[in-house]
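The values are calculated or read from the model by the stated rules, or taken from the named source; none is laboratory data. Quantities reported herein were computed from a predicted structural model and do not represent experimental measurements. Note that we place each Cβ from the backbone using ideal geometry, even for glycine, and neighbour counts take in every protein chain shown.
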Amino acid sequence: MGRNLTRKIIGEHLVEGEMIPGQEIAITVDQTITHDLQVLGWQQFEAMGLPGGKTELWVNYTDHNILQIDFRNADDHRYLQSVSAKYGALFSRAGNGICHQVHLERFAVPGKTLVGTDSHIPNAGGIGSLAIGLGGLEAIAASGGGRLYLVMPKVVGVKLTGKLGPWVAAKDVILDVLRRLTVKGGVGRIFEYYGPGVETLSVTQRATICNMGVELGATTSIFPSDHRTKAFLAAQDRSQSWKEMGADPNATYDEHLEVNLSGLEPLVAKPHSPDNVVTVREVEGMPVSQVCIGSCTNSSYEDLMIVATALKGKTVHPNVGLTITPGSKQVFTMLARNGALTDLIAAGARILESFCGPCCGQGLAPVTGGVSVRSFNRNFLGRSGTPDAHIYLASPETCVATALRGVITDPRDMGDPIVIEPPGQYAVNDNMILAPARSGEAIGIICGPNIKPVPVAKPVEDTLRHRVLIKVGEDITTDHILPSGTHILSLRSNVPAISEYMFRAVDPTFVNRAKEWGGGFVAGGMNYGQGSSRDHAAMATMFLGVKAVLAKSYARIHYINLINVGVMPLTFVNASDYDTLDQGDELEISCIHSALPARENLTVKNLTKNRKFRLAHDFSQRQMNIILAGGLVNYTKKERTEG
């Protein structure tokens, strides 16, 4: 039987294990992305004593914490520039663009493996790269060691047929998949797109689909590398990076899905989840106070040219505030050169610099109770910065139609469709990317006063006796655990300070209780920890003394992040046992050191209610050793010392 593209790339990089779904494997890593929320990750890199990265390419981007309301973000940028220079990473300066957009333009290569400290790293799957988002510590360790450990996913073959109709966008493709599979539907899976519909999509359209595939819970998504990929790379002056890659004609997949592009219509995700998808027709006419177009999902040249063309000679509705975020300096420059930027400004759009911006809570919060339509990837409650705002996710086409009319509008009502073909030549200028120091050049690491030492867990005890600090429900996101926002993101290099915000939106009394009770346990429902890859959510969990999380199931990245900081993510053997727990229950988990190696379930005594239940774990031998060592930093230091 033929091989699919995913198994081809993994097979070429496989160094440990077998490609059997559910089994742990290790693959070599070709490229790394880190960004400016990872001061903590670089501190852990230094703490592990790693001499430098072992990947072919490491790019450190400045794209999240751009707002400099005081010294903290500026100091973090200076620190990151110095560690990049010292340890061999390229440094993309503030203003150069969002890491996913820039990397697609300038660095991503078909067939290469890519890891990074952001959940939307799979954006590069649009060019045929096997790109996997990780927590910061895991990505740093994988890059420093040159290999990534992961559980072999199932491969879902998504057959695309037909062609997108007028005013229907790539965003509508992934919204349709989310509507069908939900935010849990991709856990433990890689989505590989194939079929005759693929060649009708440009590289940036493919990237949009891969980018937001993360919201399915998927490990990654990928498209083949074909004549479209070749043309894109040639236009970026990177023809040498192209090679044709795709599935064999008789390739097999673990699961199947088919999407008829011709049958799609404009879609929108209603509050407060990316899978709460309906047609635009079902909600059209709803008054809107804000429209935001951009983010790593939809800020390409083609996306924004559609918007600029639709706005040319018109004015944004008086009740709507419209923001535009070009994804990169390249996109910004091209819009300026061809006059599209003038059209955007003349129409009344507010132009933001090339960074993540309102997508990660960096400004532009909506009005109280407002409706904001955004071409972003997440609409979790409170993520926008306004607790009672209603955030809708839609394509740039739907967004611009809505901005002009002041109500949610089906773009098919806008008349003749706007078609923007990929340019034959992009504006190539890498002057905002700094090379690392030359060999032998002395580089001092510059630390500002807000950059605090990294907390490290102690080895797990054989018996844990603590109370349940909090009980939360289904689909708890990392935004619930540790929120986003300008005032919180600037604390990413200060774990004691940022931990004060843990579960703030869920239960403002949590932090005080955790301190008063000396730590404890967290109980959660299905899909605990979905969303952002922010390992600070796991780090704050550990810092406040949480010894284990007890949940029905976990999102992949947060599950691994908990292990890497020395917190046990355990699963109820019987989901109904979750219902018997209450905040304040005192639990005792014993014989941990013998049960983990024996792969036995852990017995838990609920001392408050005089009952017992069992918890399961599926740690690999390596993950078990990491937990017993007190986290990945301790484990890696031990391995280096003994090795």
Against the definition (under 30 Å from W167 (Cα atoms) and either in contact with a Pro (Cβ under 7 Å, 6 or more places away or on another chain) or at pLDDT below 95 (or both)), how does R412 come out, yes or no?
yes
Which of the residues spanning the range 206-228 are surrounded by fewer than 24 Cβ atoms within 10 Å (Cβ to Cβ) and within 16 Å of E421 (Cβ to Cβ)?
H227, R228
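Quick one: which residue in S262, S299, S289 is surrounded by 21 or more Cβ atoms within 10 Å (Cβ to Cβ) and of a type in the set (S, T, N, Q)?
Testing whether each residue is surrounded by 21 or more Cβ atoms within 10 Å (Cβ to Cβ) and of a type in the set (S, T, N, Q) leaves just S299.
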Which ones in the range 229-244 are surrounded by fewer than 20 Cβ atoms within 10 Å (Cβ to Cβ) and either among the β-branched types (V, I, T) or over 23 Å from C296 (Cβ atoms) (or both)?
K230, A234, S239, Q240, K243, E244
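Which helices (runs of 4 or more DSSP H) sit wholly inside the range 475-525 and have at least 3 residues that are over 25 Å from the mean Cα position of the chain (by Cα), of a type outside the set (S, T, N, Q) and buried (at least 18 other Cβ atoms within 10 Å of the Cβ)?
Filter on the range 475-525 gives 510-517.
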Using the structure shown, decide if I470 is in a strand (DSSP E or B) and either polar (S, T, N, Q) or closer than 17 Å to M502 by Cβ (or both).
yes
Which ones in the range 82-98 are within 17 Å of T325 (Cα to Cα) and buried (at least 24 other Cβ atoms within 10 Å of the Cβ)?
N96, G97, I98
Residue check, R378 charged (D, E, K, R), touching an Asp or Glu at 6+ places or on another chain (Cβ under 6 Å) and not in a helix (DSSP H, G or I)
no
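The rows are residues; the columns are (1) surrounded by fewer than 16 Cβ atoms within 10 Å (Cβ to Cβ); (2) of a type in the set (V, I, T).
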{"residue": "V407", "(1), (2)": "no, yes"}
{"residue": "I418", "(1), (2)": "no, yes"}
{"residue": "A427", "(1), (2)": "no, no"}
{"residue": "A437", "(1), (2)": "yes, no"}
{"residue": "G448", "(1), (2)": "no, no"}
{"residue": "V454", "(1), (2)": "no, yes"}
Take A595 and tell me if it is in contact with a His (Cβ under 9 Å, 6 or more places away or on another chain) and either outside the structural domain of N494 (by TED's automatic domain parsing) or without any contact (Cβ under 8 Å) to a residue 12 or more places away in the chain (or both).
yes
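Is it fair to say P326 is within 23 Å of G285 (Cβ to Cβ) and crowded, with 21+ Cβ neighbours inside 10 Å?
no
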Please specify each residue of the range 198-214 satisfying the condition of being under 14 Å from D176 (Cβ atoms) and touching an Asp or Glu at 6+ places or on another chain (Cβ under 7 Å).
none
Determine which member of the set K609, K605, K638 is under 32 Å from the mean Cα position of the chain (by Cα) and free of Cβ contacts under 8 Å to residues at least 40 places away in the same chain.
K638
Scan the range 192-211 and tell me whether some residue there is farther than 29 Å from L148 by Cα, among the charged types (D, E, K, R) and in contact with a His (Cβ under 9 Å, 6 or more places away or on another chain).
yes
Would you tally the residues in the range 456-468 being surrounded by 16 or more Cβ atoms within 10 Å (Cβ to Cβ) and at pLDDT 90 or above?
5
Does at least one position in the range 601-621 carry a residue that is crowded, with 16+ Cβ neighbours inside 10 Å, among the hydrophobic types (A, V, I, L, M, F, W, C) and closer than 25 Å to E16 by Cβ?
yes
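A quick yes/no check of all residues on (1) among the small types (G, A, S); (2) buried (at least 24 other Cβ atoms within 10 Å of the Cβ); (3) modelled with pLDDT of 95 or more:
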residue	(1), (2), (3)
Q101	no, yes, yes
L104	no, yes, yes
T117	no, yes, no
G128	yes, yes, yes
E138	no, yes, no
Leading residue by the ranking (farthest from D303 (Cα to Cα)) among those in the range 371-396 that are modelled with pLDDT of 95 or more and of a type in the set (G, A, S):
S372
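Yes/no per residue for (1) modelled with pLDDT under 95; (2) over 22 Å from the mean Cα position of the chain (by Cα); (3) farther than 22 Å from E421 by Cα:
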{"residue": "L335", "(1), (2), (3)": "no, yes, no"}
{"residue": "D343", "(1), (2), (3)": "no, yes, no"}
{"residue": "A347", "(1), (2), (3)": "no, yes, yes"}
{"residue": "A365", "(1), (2), (3)": "yes, no, yes"}
{"residue": "T398", "(1), (2), (3)": "no, yes, no"}
